[in-house]
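**Q** Let me give you the structure first, and then I'll get to my questions.
The values are calculated or read from the model by the stated rules, or taken from the named source; none is laboratory data. Since this is a predicted model, take the numbers as computed values, not measurements. When we count neighbours, we look across all protein chains shown, and the Cβ atoms used for this are built from the backbone with ideal geometry, even at glycine.
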Amino acid sequence: MPRVRDRMVSDVVTIGPGTGVVDAAKRMIQEEKGPLPIVEGERPVAIVTDRDIIAHVVAEGRDPRAMTVHDIASRDLVTIGPEQDIDEARRLMDQHELDRILVVEDDRLVGIISEADIRSDEGPLRGTVGGVTDTVGGVTEPVRGVTDTVRGTTDKLLGGGAEKQR
């Protein structure tokens, strides 16, 4: 059975707890990432997602320029070790209704693993119409939509991308 280390992404984009919400949103767009782990040194302390920005800043009408990711981030992290079984990662994602979890070794962030990473080579359905590829595509489309919303909101807040008045 494959281990988490075999499927995780080890090049994780991270930010510090004092990072501004606008800067975090820009980083999500630049790096094409929905979640950004928040680290102190190499130790993960929280995670902020594009949905956190929408739900806790935009929807509440708060000023993103006056907030840091520390103000809106989730601190209840679900983590897994790199040597654990892929089935354990799947079980944790199902149990906590997550689509990705952080991979931690000796209190240090070493990767991130998503449902798509786990399903990337699940047997004969790989790459077939109606199989895993279609499911993964269905998951990423809503994420793109939320990321586009964050991008548009960020552009408006920063004075760029807003429609010109006629």
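**Q** Please go through region 31-40 and pick out each residue that is at pLDDT 95 or above and surrounded by fewer than 20 Cβ atoms within 10 Å (Cβ to Cβ).
**A** Going residue by residue through region 31-40, those that are at pLDDT 95 or above are 36-40.
Of everything in region 31-40, those that are at pLDDT 95 or above and surrounded by fewer than 20 Cβ atoms within 10 Å (Cβ to Cβ) turn out to be V39, E40.
**Q** Since I47 meets every condition but one in (1) within 30 Å of R90 (Cα to Cα); (2) out of contact with any strand residue (DSSP E or B) (no Cβ under 7 Å at 6 or more places or on another chain); (3) crowded, with 16+ Cβ neighbours inside 10 Å; (4) not aromatic (F, W, Y), which condition does it not meet?
**A** (2)
**Q** Now for a different question. Out of contact with any Lys or Arg (no Cβ under 7 Å at 6 or more places or on another chain) and farther than 17 Å from E105 by Cα: is that true of D6 in this structure?
**A** On the way: out of contact with any Lys or Arg (no Cβ under 7 Å at 6 or more places or on another chain): yes; farther than 17 Å from E105 by Cα: no.
For D6, the condition - out of contact with any Lys or Arg (no Cβ under 7 Å at 6 or more places or on another chain) and farther than 17 Å from E105 by Cα - is not met.
**Q** Inspect all residues belonging to region 136-143 and state whether any of them is modelled with pLDDT of 95 or more, within 28 Å of A25 (Cβ to Cβ), assigned to a helix (DSSP H, G or I) and within 18 Å of the chain's Cα centre (by Cα). Step through it out loud before you land on a result.
**A** In the first step, residues of region 136-143 are kept if they are modelled with pLDDT of 95 or more; the result is none.
No, the conditions are met nowhere in region 136-143.
**Q** Continuing with this model, one more query. Quickly run through region 1-27 and pick out the residues that are at pLDDT below 95 and buried (at least 20 other Cβ atoms within 10 Å of the Cβ).
**A** The answer is none; no residue qualifies.
**Q** Identify all residues within region 64-98 that are surrounded by fewer than 13 Cβ atoms within 10 Å (Cβ to Cβ) and closer than 20 Å to L36 by Cβ; write none if there are none.
**A** R65, A66, R75, D76, H96, E97
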